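A.B. asks: Okay, handing you the structure first.
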Amino acid sequence: MGDIAFLLIIFFLVCSEASKDKSDLAVDLPYSEHVQKQKTTVVARVALDQAGQIYFDGIKVDNAKEVEGGVRTLLTNTVADEQRHVQFKCDKSQPKEKFEPILQAIAEAGGIIEAVGEKSEK
């Protein structure tokens with residue numbers, strides 16, 4: 001019985017949201033006074049770091065089309081909006097031309113974008 005309990009604990013740790021967050025990426029988040037903490041569960045995390053590298057759930061991808069394919073695959077059997085949230089982190093130094101295709105790819109795949117930023121002080 002103890003073995004089963006430990007296997008279940010390991011399973012839930014591996015599948016938890018904390019294990020999907022690759023916060024070791026070099027992303028300096030933008031500031032905004034309109035940042036709010038969201039309580040939704042995300043199905044995927046996309047990041048654009050300082051060097052312009054794109055990451056999909058912590059794995060480096062070459063372009064926005066790969067992000068679109070990954071999000072589309074994850075959302076294949078989803079019906080409810082609560083199951084379609086995709087977290088997007090973008091370094092504040094990246095130009096609009098670099099992150100807009102990624103946002104477009106997420107939207108075209110059917111994802112609801114949750115942009116990540118830091119709250120600025122007025």
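The values are calculated or read from the model by the stated rules, or taken from the named source; none is laboratory data. All values reported here derive from a predicted model rather than from experimental measurement. Every residue, glycine among them, receives a Cβ derived from its backbone with ideal geometry; neighbour counts consider all protein chains shown.
A.B. asks: Take the range 71-92 and flag every residue that is part of a helix (DSSP H, G or I) and surrounded by 15 or more Cβ atoms within 10 Å (Cβ to Cβ).
C.D. replies: If the condition is that a residue be part of a helix (DSSP H, G or I) and surrounded by 15 or more Cβ atoms within 10 Å (Cβ to Cβ), then 71, 72, 74, 83 are the ones that fit.
A.B. asks: Within the range 52-59, can one find any residue that is small (Gly, Ala, Ser) and at positive phi?
C.D. replies: yes
A.B. asks: Restricting attention to the range 37-62, which residues are within 12 Å of the chain's Cα centre (by Cα), modelled with pLDDT of 90 or more and surrounded by fewer than 19 Cβ atoms within 10 Å (Cβ to Cβ)?
C.D. replies: 55
A.B. asks: For the range 83-120: of the residues being among the charged types (D, E, K, R) and in contact with a strand residue (DSSP E or B) (Cβ under 9 Å, 6 or more places away or on another chain), which is modelled with the highest pLDDT?
C.D. replies: 98
A.B. asks: I've got another one for you. Scan the range 42-62 residue by residue and report those that are in a loop (DSSP other than H, G, I, E, B) and free of Cβ contacts under 8 Å to residues at least 24 places away in the same chain.
C.D. replies: If the condition is that a residue be in a loop (DSSP other than H, G, I, E, B) and free of Cβ contacts under 8 Å to residues at least 24 places away in the same chain, then 53, 62 are the ones that fit.
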